[in-house]
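Q: Below are the structure tokens for one structure; questions will follow.
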Amino acid sequence: MTLKVISAEKVIFDGAVSLVTLPGAAGLFTVLENHASLVSVLTRGNLEYQESEGAERQTMEIAGGIVDVDSNIVSVCIY
């Protein structure tokens, strides 16, 4: 699965991951490979991702944004 995190200024992350946890408007949710398609609003909190199974999780603080999940591509636009 591919995670792309972008802001208005630059691409922050673009790479393969095994999972992504996001702060959605209704609470935290985790996206795994072959997840159903979705679009969600993100709130202030931590975006976490794991680059490979067993690897240490990386954390990125975000102020909010939107996420689009489709065909094993997780596209996050943050502000």
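Q: Which residues, counting only those in region 1-20, are over 14 Å from ILE73 (Cα atoms) and in a strand (DSSP E or B)?
A: Scanning region 1-20 gives VAL11, ILE12.
Each row is one residue, and each column tells you yes or no for (1) touching a Ser or Thr at 6+ places or on another chain (Cβ under 9 Å); (2) open to solvent by less than 20 Å² (accessible area, probe 1.4 Å); (3) over 17 Å from MET1 (Cα atoms).
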site	(1), (2), (3)
PHE13	no, no, no
LEU22	yes, yes, no
GLU33	yes, no, no
SER40	no, no, yes
THR43	no, no, yes
ARG57	yes, no, no
MET60	no, no, yes
GLY64	yes, yes, yes
VAL67	yes, yes, no
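Q: Turning to a different aspect of this structure: Answer with yes or no whether ILE6 is touching a Leu at 6+ places or on another chain (Cβ under 9 Å) and not basic (Lys, Arg).
A: No.
Q: Which count do you get for residues in region 30-49 that are on the phi > 0 side of the Ramachandran plot and outside any loop (DSSP other than H, G, I, E, B)?
A: Total satisfying the criteria: 1.
Q: As an exercise: evaluate GLY54 against (1) touching a residue at least 60 places away in the same chain (Cβ under 8 Å); (2) of a type outside the set (S, T, N, Q); (3) in a loop (DSSP other than H, G, I, E, B) and give the number of the one condition it does not meet.
A: (1)
Q: With the checklist (1) on the phi < 0 side of the Ramachandran plot; (2) open to solvent by less than 70 Å² (accessible area, probe 1.4 Å); (3) of a type in the set (S, T, N, Q) in hand, flag the one item ASN72 doesn't pass.
A: Of everything listed in (1) on the phi < 0 side of the Ramachandran plot; (2) open to solvent by less than 70 Å² (accessible area, probe 1.4 Å); (3) of a type in the set (S, T, N, Q), ASN72 misses just condition (1).
The values are calculated or read from the model by the stated rules, or taken from the named source; none is laboratory data. Keep in mind that what you see is a predicted model, and the values were worked out from it rather than measured. Every residue, glycine as well, gets a Cβ built from its backbone with ideal geometry; the counts of neighbours run over all protein chains shown. Side chains included, ligands, DNA and RNA excluded: accessible areas come from the protein's heavy atoms. Shrake-Rupley method; radii C 1.70, N 1.55, O 1.52, S 1.80 Å.
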